[in-house]
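Note sheet for the following structure.
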Amino acid sequence: MSKTHAENTTLFKENRDMKDQLRVLNENLRMETEQLMSRDRENSTLQSENQLLKTRLEEFRGDNNQLKEEQAHLIENLRHQLNETRERLTELRDEKQAEFKKLKERYEDQRRREAEQNSHELEKLRNEIALAQKRLGQEEHFSKELAIINNKLQSNLTVLKTDGPMKSYSASGATRSKHNFYPT
C-alpha cells in the first residue's frame, strides 16, 4: 500500500500542480479574453468612428464640390457685376464729359456775350468819356476865356477906380472913357 499510497500522493501532487497550472492558464485565458474583448470593442468603436469619418469625408467632399460650384458661380456673378459697373462708369463718365462740355460751351458763350456786352458798354463809356473830355475841354476853354475877360475887367475896374470919372466925349456925343475895356 505504500506504493499505491506513494503513487496516489504523487498523482495527487501532479493533479494539484496540473490544477494550479490549469487555474493559471484559465486565469491567463480569461485575461487574454478580456483583452481581446476590450480590443474587439475598441476595434468596433474605431470601425464605427472610421465609418462615420468616411461618411463625413464624403459629405465634406460633396459640400466642398458644392461650395466650389457656388464660389465659381459667385465669381462669375461678380465678374458680370464688375463688367456692368465698368460699363455704367464709362457711360456716366461719357455723360459727365458731355455735360461738362455743354457747360463749358455755355460758359464760353456766356463769357463771350458778357465780354461783347462789356466791350460795348466800355465803348459807350469811352465815347461818353471822350464827349465829357470834349465838353471839359470846351469848358476849360470858356473858363480860360472867362478868366482872361475877368482879368481884363478887374484891370479895367482898377483903372477906373484910380482914374476917376474922367469922361471924354466923342464927336457923336457918346461918352467914352479914356480906356478901352474890350479890344476892338
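Treating the angle as unsigned and between 0 and 90°, give the value, to the nearest 10°, between the Cα long axis of helix 2-163 and the longest Cα principal axis of the chain. For 2-163 against the chain, the angle is about 0 degrees. Using the Cβ of Asn15 as centre and a radius below 15 Å, the other residues enclosed give a net charge of 0, where K and R count +1 and D and E count -1.
Under 27 Å from the Cα of Lys152, which lysines turn up, not counting those fewer than eight places away in the same chain? Output for Lys152: Lys134, Lys144, Lys161, Lys167, Lys178. Helix-only arithmetic for the chain: the sum of -39500 (n - 2.57) across DSSP H runs with n ≥ 4, divided by the residue total, places the mean residue ellipticity at 222 nm at -34000 deg cm²/dmol. Between the listed residues Gln35, Asn15, Ala147, the Cα displaced farthest toward the positive end of the dipole of the stretch 1-152, a dipole computed from Cβ unit charges relative to the Cα centre, is found at Ala147. In the set (1) 8, 25, 19, 12, 7, 7, 9, 7, 5, 1, 0; (2) 7, 8, 7, 7, 6, 6, 6, 6, 5, 5, 5, 4, 4, 4, 4, 3, 3, 3, 2, 2, 1, 1, 0; (3) 9, 28, 22, 16, 12, 8, 4, 1, 0, the label that goes with P(r) over Cα pairs in 10 Å bins from 0, in percent computed for this structure is (2).
None of the figures in this text is laboratory data; all of them are computed from the coordinates on show. Keep in mind it's a predicted model, so treat the numbers as computed, not measured. Virtual Cβ from ideal backbone geometry, glycine too; neighbours counted across all protein chains shown.
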